[in-house]
């Protein structure tokens, strides 16, 4: 299996070549040159593997279709090491439960940092350590987080040999719990940078540094954001696991997924699973007030917003107005036209702030061919959904999951189950839960008093050169 850039770079790369790299040299994102195809017979085989052998074996089976430069025994060992009940709290790793006969929730938030990012980041940490040891190299990870990627990456990489993490986050824009999770890590290989701006500024800095090819080579810079293909690939697995569980729990004809979306990485993994042959009916993109993605799926116009026009909301991990992973989907939509994809993302966006595919006949097939539909949610919608779920089902959900559930309810069709992805535990957003329900959400014992722990964080302006200088100063 070889990988190519969404922007047309002619050179094709192996999995391990791109594992430590992040962005392609032309600024594009990597995708496999083709998606492995899974027919009904193979799908049934994977279903049996999941129920009889477990999530780790399912992960190995799927990852093996994309990774051919890690020996099978080693890859199996990495999957077995990553996906354990001790780490994720359940034998099924990503268990599905029913709210109603048409609405299910898939729990992805029982890992070390209580957010779905752990599902991929734990594997990525083990893959990085394995490959760095094999090559006798070091890696300096530069990342951007709107809330959960940062802590998931830092918990996965802390203490890993040969790895340093430089994580940017928007100053004051994460919940107190999210900030505490990151800033209280005092490990020597962890560096937190609070950027005076919004998440999109952080993401732009990561891309700018990654596009400085001499510095990237000098410092051996990689990324853990979902622009890293390995992270997105790991997320594909839980869609198969969720589909198999939903199928076993319901006799309904159709199974769909509703995905709270900001940077498009999570739902892009669902897109990859569907392109492989997983028979997902609808891929429902749920946004908050920062509804750039919802606008595109409704109109064909992708219009990024400025920092000043990016709303600060009660589902802060989705406060994103430049969806990095969206480029991967557009590349597929445009039938792997790297030149056109490059024009849209490297020229049109910068020149006019948007691109318009509404007249392209390929956009008109966006549901029939790719299954995508969308909707948005507001603060009041979130509060009401949290109240309704607590009243009717005696469960507390976080505000991002509430966004997904609100949009799912409006898209539910007859003879269908929609699996809503639970992206975080509610304790990470306690103030919103208290506003909705008047009670504090449950807090796992391991996180008691986390907000009062000593913290270490550097506050910096949204300045690419200052971030480069900071990295140079701290890489010995």
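Rule-based calculations on the coordinates, nothing more; no lab input. Note that the coordinates shown come from a computational prediction; the quantities given were computed from them, not determined experimentally. Please note: Cβ atoms are built from the backbone with ideal geometry, for glycine as well, and neighbour counts cover all protein chains shown.
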Of the convex hull drawn through the C-alpha atoms of segment 249-385, the volume per residue in Å³ is 118 Å³
Efficiency by 1/(1 + (r/R0)^6): what FRET value for residue 434 and residue 455, r their Cβ-Cβ distance, R0 = 22 Å, to the nearest 0.05? 0.45
Between Rg and the Kirkwood Rh of segment 278-335, both from Cα atoms, what is the Rg to Rh ratio? 1.00
What span do the alpha-carbon atoms of segment 336-393 cover on each of the three principal axes, reported in whole Å from largest to smallest? 52, 29, 18
Percent of alpha carbon pairs in segment 374-476 separated by more than 20 Å? 56 percent
By average Cβ neighbour count within 10 Å, what is the ranking of 403-412, 440-449 from highest down? 403-412, 440-449
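Taking segment 1-119 on its own, what percent of its Cα-Cα pair distances exceed 22 Å?
51 percent
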Spin-label pair residue 343/residue 133, simplified geometry with 7 Å Cα→Cβ offset, distance in nm: 4.8 nm
Calculate the FRET efficiency for residue 39 and residue 11 from the Cβ-Cβ distance with a Förster distance of 25 Å, rounded to the nearest 0.05. 0.20
Can you run the Rg to Rh ratio on segment 115-213? Use alpha carbon positions and the Kirkwood inverse-distance Rh. 0.96
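How high is the relative contact order of the chain? Use alpha-carbon pairs under 8 Å, at least six apart in sequence, and give a whole percent.
Dividing the mean separation by the residue count of the chain yields 20 percent.
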Where only alpha carbons of segment 231-308 are counted, the Rg and the Dmax (Å): 14.2, 48
For segment 192-325, convex hull volume per residue from C-alpha positions, Å³: 149 Å³
How far apart, in nm, are the 7 Å Cα→Cβ label points at residue 87 and residue 388? 3.6 nm
For the pair residue 447 and residue 186, how long in nm is the line joining their label points, each one 7 Å along Cα→Cβ? 2.2 nm
Based on alpha-carbon centroids, what's the gap between segment 191-205 and segment 106-161 in Å, whole number please? 19 Å
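What are the semi-axes of the equivalent ellipsoid for segment 56-183, taken as the square roots of 5 times the Cα gyration tensor eigenvalues, largest first, in whole Å?
Those come to 25, 24, 11 Å.
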Expected sort for 14-21, 110-117 on mean C-beta neighbours within 10 Å, highest first, is 110-117, 14-21
Between residue 362 and residue 464, what length comes free when the chain is fully extended (0.36 nm per residue of separation minus the Cα-Cα distance, one decimal in nm)? 33.0 nm
Find the Rg to Rh ratio for segment 61-127, where Rh is the Kirkwood radius over alpha-carbon pairs and Rg uses the same atoms. 1.05
